[in-house]
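Everything below concerns the one structure shown next.
The values are calculated or read from the model by the stated rules, or taken from the named source; none is laboratory data. Worth saying up front: this structure is predicted, and the values here are computed from it rather than measured. Because the Cβ atoms are built from the backbone with ideal geometry, glycine has one as well, and the counts that use them run over all protein chains shown. Please note that ligands, DNA and RNA were not included when accessible areas were found on the heavy atoms of the full protein model with its side chains. Shrake-Rupley method; radii C 1.70, N 1.55, O 1.52, S 1.80 Å.
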Protein chains: 2
Amino acid sequence: MIQIAILGCGTVGGGVYKLIKKNSDDIKMRTSKQIKVKKVLERDTQKALDAGVTKEELCQNIDEILNDNEIEIVVEVMGGLTFAYECIIKAIEAGKNIVTANKDLIAVKGEEIFKLAKEKHVDVRYEASVGGGIPVIGAMQNVLCANTYSDIIAILNGTTNYILTKMTEQGISYKDALKQAADLGYAESDPSADVEGTDAARKIAILGSIAFNSRCTLNDVYCEGITQIVEKDIMLANKLGYQIKLLAMAKEHDEKIILSVRPAFVKNSHPLASVNDVFNAVFLKCDAADNIMLYGRGAGEMPTASSVVGDIMAICTSILNKTTGNYGLNCYKEKEILNIRELNSSFCLRLRVADKPNVLAGIASELGTRGVSIKSVIQSPVPDIDMASLTIITHETKEQFLQEAISILKEKEYVEKANIFMCLA
Amino acid sequence: MIQIAILGCGTVGGGVYKLIKKNSDDIKMRTSKQIKVKKVLERDTQKALDAGVTKEELCQNIDEILNDNEIEIVVEVMGGLTFAYECIIKAIEAGKNIVTANKDLIAVKGEEIFKLAKEKHVDVRYEASVGGGIPVIGAMQNVLCANTYSDIIAILNGTTNYILTKMTEQGISYKDALKQAADLGYAESDPSADVEGTDAARKIAILGSIAFNSRCTLNDVYCEGITQIVEKDIMLANKLGYQIKLLAMAKEHDEKIILSVRPAFVKNSHPLASVNDVFNAVFLKCDAADNIMLYGRGAGEMPTASSVVGDIMAICTSILNKTTGNYGLNCYKEKEILNIRELNSSFCLRLRVADKPNVLAGIASELGTRGVSIKSVIQSPVPDIDMASLTIITHETKEQFLQEAISILKEKEYVEKANIFMCLA
């Protein structure tokens, strides 16, 4: 029997508790040991009791867990950066293995935590920190470990994917779609971490660190959310054969990394274009396995519990084999982080311009001078005013060249507005 | 340093050899040991030399490998059931760990091989046997191991998926699409194992064994290929909002398993509907993680090598930790295999009937008597003859009830033809 403690009995903690009970027979057969939840740390007694936790299991003081030598695995599912961090550090120092779903902590304090774990010969596992129930970290660290990755392109936030899906399907505004998401419990009362892209940024920092063997943190990620997306953007994208998705991306080229979260046009034929509602997906480009996509639920009680309990079972095997201390996040390289402007991609450039001769020629010339090559152009008049709307899809170009062209164009008297979306073909 | 031997230097063997060389630095960092290919068994000397194998590495006699105590891992990538089987058994008996991509062997002789491996304390890994580069076996056995599975629904054969995609996109016949596949090297000169579904059947037997912890073999799989699919079937499916896919399915209910490979209607909104060309995908329904889909290349030199080398690296870790002998396929249950007629599903029933009063009433009554409930009906006249074509989509029903109704209907003077497709919504 292996005994564990769960820190936090909210949505995820309750799910972990229930899943261990529900599938206990199979868990025992698969790990050859029974897993027993000895303690659940939760201040809100009623919440824990409602999840089925017994009074004997319930505890209010982390020291009870830290000082209990029978507890070999501590499962941190409280979230947050302060108390969770303190508990994990103390638990590692007490020789306990860790399972956490805390993306904030791994993205910000990962290096310190993994270093300490190695010193103390304990495992720190964190599958649930990215992509909820999707087996992405395990797949990347194990089955796909023979590959060199060039790109991770992912939809890592269910709330924003839900909002964008509803804006597309129902033609509604960002505000109305956000309200729907909130009514269904998909958006929190303060949705800023989701809609501004920070949540996805933390997750892509973790996946980048795994893929490129070089520590990537939240601060390394260029981050742009979906709050500025309007119905017209979505309609335009659809008309051109694209879906707008909030893409989290990590790219490596020549030992240099670019990390970003931004809304982008995704071509309908790309597998990510049909990832809808709260579903998440991670699209990997690898040198050997080629293109891989892993799709599933990025959040929720039981999907997240699936990954947490999977981690607990993996640590049980390590404990049985006396091999703890080997699993973490081994960043054996230090790669430079590049500015987003170094990104090579196709883009959709949208301009509102004066409807008169030579305007398109002037724009095309400014782009051409900087080596930005045009793939397609749609020009249409803007009703009632003497302006035209110009939509240009470029071939692959460095974003910097395009931004330079835009700066120049914005100074022209015939250009009223100019903005861009990255395009994924 | 860990030394290995590769048996067979065809497409996959050559890929394995190249991948180990190409990513050797990262492989060493990730496994903390260098992997050295000591021997490559290949009768066709030129083929091996072309792949970069040196004369010192090349060998023609399996005994050289079996008797070499420095070789700790034997990689079987020859395929086939006889010589490959013999080599694997002898290698296990010689205390060597095994990596194989041989689905035939695992699906047919798996039980014996895993049993012997356990006795001899060696690992047998087989990630590449299903889904090429897709990390499906690792994900199911590790990250998702806390789940109880109810359904695996998969596209596991690239050749047939390519053929069906081209029939759909280009409106061409099965024969013409098969020719295209052959011209591109996707179909073998004898494509029967692909187009008749046997290849997918072997793979779903393996995934079923993993998911349900109960041995499933090729003989347990109901198998129907795509050779009878005509353009009209595809057109009808598309008109109704479906794609035709060759689905490999494993379902469990009440400790009983149904295994099948058959062409089916897949609703456009289902993630499997947009898996096109030679790509494969595995859609899993689990009690905790909910719906998961893993997508990628199901075959090919480097994708298959990705999984094989991933397995080699996993065994290196086992060797270093002295924990070999724990990885295999632990079927600790014996579940009954049910006849395909016990399947509960929605179906598309197509009839050609006399165009006269009371025919629809008669048909609806025969279905209703057996509890088959109708979801939608389209009736259209067949040009030039006095017949009508009737397409009925049923609600979920047991296939047996529908088949019984069809048997009765076929005896009616007003029914000329009747056939069914399973529908996946």
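Averaging the inverse of every distinct alpha carbon separation and then flipping it gives the Kirkwood radius. What is it for chain A, in angstrom units?
When all Cα pairs of chain A are included, the Kirkwood radius is 23.1 Å.
Taking chain B as a Gaussian network, where each spring joins two C-alpha atoms under 10 Å apart, which residue of B:GLN403, B:GLN46, B:GLN243 fluctuates the most?
Of B:GLN403, B:GLN46, B:GLN243, the most mobile in the Gaussian network model is B:GLN46.
Can you give the accessible area of B:CYS423, probe radius 1.4 Å, in Å² rounded to 10?
About 10 Å², rounded to the nearest 10.
Work out, in µm²/s and without decimals, the Stokes-Einstein translational diffusion coefficient of the stretch A:348-425 at 37 °C, 0.692 mPa s, Rh from Kirkwood over C-alpha pairs.
262
What does the accessible area of B:SER269 come to, in Å² to the nearest 10, when a probe of 1.4 Å is used?
In the full protein context, B:SER269 sits at about 100 Å².
Given contacts defined as C-alpha pairs under 8 Å and at least six residues apart, what's the relative contact order of the stretch A:136-297, whole-number percent?
33
Hey, which of these cross-link pairs are over 29 Å Cα-Cα: A:LYS39/B:LYS322; A:LYS239/B:LYS239; B:LYS175/B:LYS203; B:LYS18/B:LYS103; A:LYS96/B:LYS103; A:LYS36/B:LYS103?
In this structure, A:LYS39/B:LYS322; A:LYS96/B:LYS103; A:LYS36/B:LYS103 exceed 29 Å between Cα atoms.
Give me a comma-separated list of calculated 3J(HN,Hα) values for the stretch A:144-157, in order, Karplus coefficients 6.51, -1.76, 1.60 applied at θ = phi - 60°, integers in Hz, x for any Gly or Pro.
8, 5, 7, 8, 9, 8, 10, 9, 10, 10, 9, 9, 10, 10
Determine by what factor the alpha-carbon radius of gyration of the protein assembly as shown differs from 2.2 N^0.38 Å, reporting the quotient.
1.00
Shortest first and in nm to one decimal, what separations exist between B:ARG370 and its copies in the other chains, measuring from label points 7 Å along the Cα-to-beta-carbon line?
6.8
With runs of 4+ DSSP H residues as the only contributors, calculate the mean residue ellipticity of the protein assembly as shown at 222 nm using -39,500 (n - 2.57) per run, divided by the residue total and rounded to the nearest 500.
Using -39500 (n - 2.57) per qualifying helix, the result is -11000 deg cm²/dmol.
When only the heavy atoms of the protein chains count and the probe is 1.4 Å, how do B:MET167, A:MET387, A:MET235 rank by accessible area, highest first?
My answer, sorted largest first, is A:MET235, A:MET387, B:MET167.
Applying the Karplus parametrisation 6.51 cos²θ - 1.76 cosθ + 1.60 with θ = phi - 60° to the phi angles of the stretch A:246-255, what ³J(HN,Hα) value in whole Hz is obtained for each residue in order, glycine and proline being reported as x?
For the stretch A:246-255, the Karplus-derived couplings read 7, 9, 9, 10, 9, 10, 10, 8, 6, 6 Hz, x marking Gly and Pro.
Determine how large the accessible area of A:HIS395 is when every protein chain is in place; take a 1.4 Å probe and give Å² rounded to the nearest 10.
A:HIS395 exposes around 80 Å² with every protein chain in place.
What are the residues whose amide H is under 5 Å from the amide H of B:LEU424, where those residues sit 5 or more places off or on another chain and H is modelled from the backbone?
Placed amide hydrogens put B:PHE265, B:VAL266, B:LYS267 under 5 Å from B:LEU424.
Using a/c under 1.5 as the rounded threshold, could you call the stretch B:1-142 rounded, prolate or oblate? The axes a ≥ b ≥ c are square roots of the C-alpha gyration tensor eigenvalues, and prolate needs a/b larger than b/c, oblate otherwise.
Because its axes are fairly even, with a/c under 1.5, the stretch B:1-142 counts as rounded.
Helix B:198-212 versus the longest principal axis of chain B: what is the Cα-based angle in degrees, 0 to 90, to the nearest 10?
80
Out of A:GLU188, A:GLU72, A:GLU252, any idea which swings most in a Gaussian network model of chain A, alpha carbons joined below 10 Å?
In this elastic network of chain A, the residue with the biggest mean-square fluctuation among A:GLU188, A:GLU72, A:GLU252 is A:GLU188.
Starting from the coordinates of the alpha-carbon atoms of the stretch B:290-425, obtain the Kirkwood hydrodynamic radius over all distinct pairs and give the value in Å to one decimal.
By the Kirkwood definition, the hydrodynamic radius is 19.3 Å.
Which far-off residues, 5 or more places away or on another chain, put their amide H under 5 Å from the one on A:LEU58, with H placed in the peptide plane?
A:VAL40
Averaged over peptide B:29-37, how many Cβ atoms belonging to another chain are found within 10 Å of each residue's Cβ?
Per residue, the number of nearby Cβ atoms from other chains is 2 on average.
State the percent of C-alpha pairs, over all pairs in the stretch B:136-297, separated by a distance greater than 19 angstrom.
So the pairs more than 19 Å apart make up 53 percent of the total in the stretch B:136-297.
Evaluate peptide B:126-138: per residue, the Cβ atoms of other protein chains within 10 Å of its Cβ; return the mean as an integer.
Per residue, the average neighbour count from other chains is 4.
Sort B:THR391, B:THR82 from largest to smallest accessible area, using a 1.4 Å probe on the heavy atoms of the protein chains.
So, going from the largest accessible area down, we get B:THR82, B:THR391.
Between copies, how far apart are the A:GLY171 label points? List them in nm, one decimal, shortest first, with each point 7 Å from Cα toward Cβ, please?
3.0
Return the sequence-ordered ³J(HN,Hα) values of the stretch B:395-405 in whole Hz as given by the Karplus equation 6.51 cos²θ - 1.76 cosθ + 1.60 applied to θ = phi - 60°, using x for Gly and Pro.
Residue by residue, the stretch B:395-405 yields 6, 4, 8, 6, 4, 4, 5, 5, 5, 4, 4 Hz.
Output, in nm with one decimal and in ascending order, the distances from the A:ILE408 label point to the matching label points of the other copies (7 Å from Cα along Cα-to-Cβ).
7.9
Among A:LYS203, A:LYS267, A:LYS322, determine the one that fluctuates most according to a GNM of chain A built with springs between C-alpha atoms less than 10 Å apart.
In this elastic network of chain A, the residue with the biggest mean-square fluctuation among A:LYS203, A:LYS267, A:LYS322 is A:LYS322.
May I ask for the accessible area buried between chains A and B, both sides summed, probe 1.4 Å, to the nearest 100 Å²?
Buried area between the two chains comes out at roughly 3900 Å².
Roughly how crowded by other chains is peptide B:301-308, in terms of the mean Cβ count from those chains within 10 Å of each of its Cβ atoms?
5
What number, in percent, do you get for the relative contact order of the stretch B:343-424 if the mean sequence gap of Cα pairs under 8 Å and at least 6 apart is divided by its residue count?
49
If you roll a 1.4 angstrom probe over the protein chains with everything in place, what fraction of the accessible area of the stretch B:231-270 belongs to carbon and sulfur, to the nearest %?
So the carbon and sulfur contribution to the accessible surface is 49 percent.
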